[in-house]
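Remarks on the structure that follows.
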Amino acid sequence: MTRHPANSPEPTKRLAPFSLRLTVEEREQLERQSGGLSLGAYIKSVIFSDDAPKYRKRRKGSTAEQQLLAEILARLGQTRTANNLNQIAKHLNQGTLVVDEELEADLNRAVAEVAWMRAQLMNALGRKS
């Protein structure tokens with residue numbers, strides 16, 4: 001039987017063990033820090049401490065980033081780039097692809113759209129394209 005809170009008539013059931021993979025160095029560091037406590041007791045004392053780091057919500061992007069992403073999504077909705085590329089791939093796989101001026105223009109447009117979206121996404125993520 002496991003320990004239970006003083007006011008609780010029911011024993012507290014524990015869940016299955018939680019596994020944590022550590023490098024040799026990480027485990028050695030924990031063992032040094034734990035003093036005389038078992039690793040499990042030490043880890044729980046750190047995690048459940050009032051000073052333990054609290055969960056932080058994911059940072060929301062700036063308004064400019066949000067506008068860039070909204071523009072990309074709008075552009076995706078306005079174009080048929082994905083559908084056109086899918087149709088081209090289908091005809092290519094079937095051996096029925098005829099490359100004429102119209103298809104060449106569609107391909108060039110699709111490549112330009114994908115390049116633009118990539119550049120804008122990289123920009124919104126703060127990375128150089």
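The values are calculated or read from the model by the stated rules, or taken from the named source; none is laboratory data. If you're wondering where the values come from, they're calculated on a predicted model, not measured in any experiment. Neighbour counts run over all protein chains shown; Cβ positions are idealised from the backbone, glycine included. Each accessible area value is taken on the protein alone, full model and side chains, heavy atoms only, with ligands, DNA and RNA left out. Shrake-Rupley method; radii C 1.70, N 1.55, O 1.52, S 1.80 Å.
For the ranges 111-121, 24-34, 43-53, what's the packing order if you count other beta-carbon atoms within 10 Å of each residue, average per peptide, and put the highest first?
Answer by packing, highest mean first, reads 111-121, 24-34, 43-53.
As a test of the formula, what do you get for the chain when each DSSP H run with n ≥ 4 contributes -39,500 (n - 2.57) and the sum is divided by the residue count, at 222 nm and rounded to the nearest 500 deg cm²/dmol?
Working: 5 runs with 74 residues, N = 129.
Only helices count here, giving -18500 deg cm²/dmol.
Going by a ≥ b ≥ c, the root eigenvalues of the Cα gyration tensor, does the chain fall in the rounded group (a/c under 1.5), the prolate group (a/b larger than b/c) or the oblate group?
It comes out prolate by the Cα gyration axes.
Through the Karplus equation 6.51 cos²θ - 1.76 cosθ + 1.60, θ set to phi - 60°, convert the phi angles of the range 38-49 into ³J(HN,Hα) values in whole Hz; use x for Gly and Pro.
Couplings: 5, 4, x, 5, 5, 4, 5, 5, 6, 5, 8, 5 Hz.
To the nearest 0.05, how large is the calculated FRET efficiency for LYS54 and GLU28 if R₀ is 30 Å and r is the Cβ-Cβ distance?
Using R0 = 30 Å, I get an efficiency of 0.60.
All other residues with a Cβ under 15 Å from the Cβ of MET117 taken together, and with Lys, Arg as +1 and Asp, Glu as -1, what is their net charge?
The answer is +2.
Modelling each spin label as a point 7 Å along the Cα-to-Cβ direction, I'd like the LEU69/HIS91 distance in nm, to one decimal.
3.6 nm
Tabulate in residue order the Karplus-calculated ³J(HN,Hα) for the range 119-126, using 6.51 cos²θ - 1.76 cosθ + 1.60 with θ = phi - 60°, rounded to whole Hz; enter x for Gly and Pro.
Result, rounded to whole Hz: 4, 5, 5, 4, 5, 5, 8, x.
Using Cα-Cα distances under 8 Å and only pairs 6 or more residues apart, what relative contact order does the chain have, in percent?
Relative contact order for the chain comes out at 19 percent.
Roughly to the nearest percent, how much of the accessible area of the chain is carbon and sulfur, given a 1.4 Å probe?
In the chain, the share of accessible area belonging to carbon and sulfur is 55 percent.
About the Cα centre of the range 18-120, what is the dipole size in debye to 20, counting +1 per Lys and Arg Cβ and -1 per Asp and Glu Cβ, all else neutral? Could you put the intermediate results ahead of the total?
Working: 15 positive and 14 negative charges, 133 e Å.
The dipole magnitude comes to about 640 debye.
Could you give each residue of the range 15-32 its phi-based ³J(HN,Hα) in whole Hz, using Karplus coefficients 6.51, -1.76, 1.60 with θ = phi - 60°, and x for Gly or Pro?
Ordered by residue, 3J(HN,Hα) equals 6, 4, x, 9, 8, 9, 8, 10, 6, 4, 5, 5, 5, 4, 5, 4, 5, 5 Hz.
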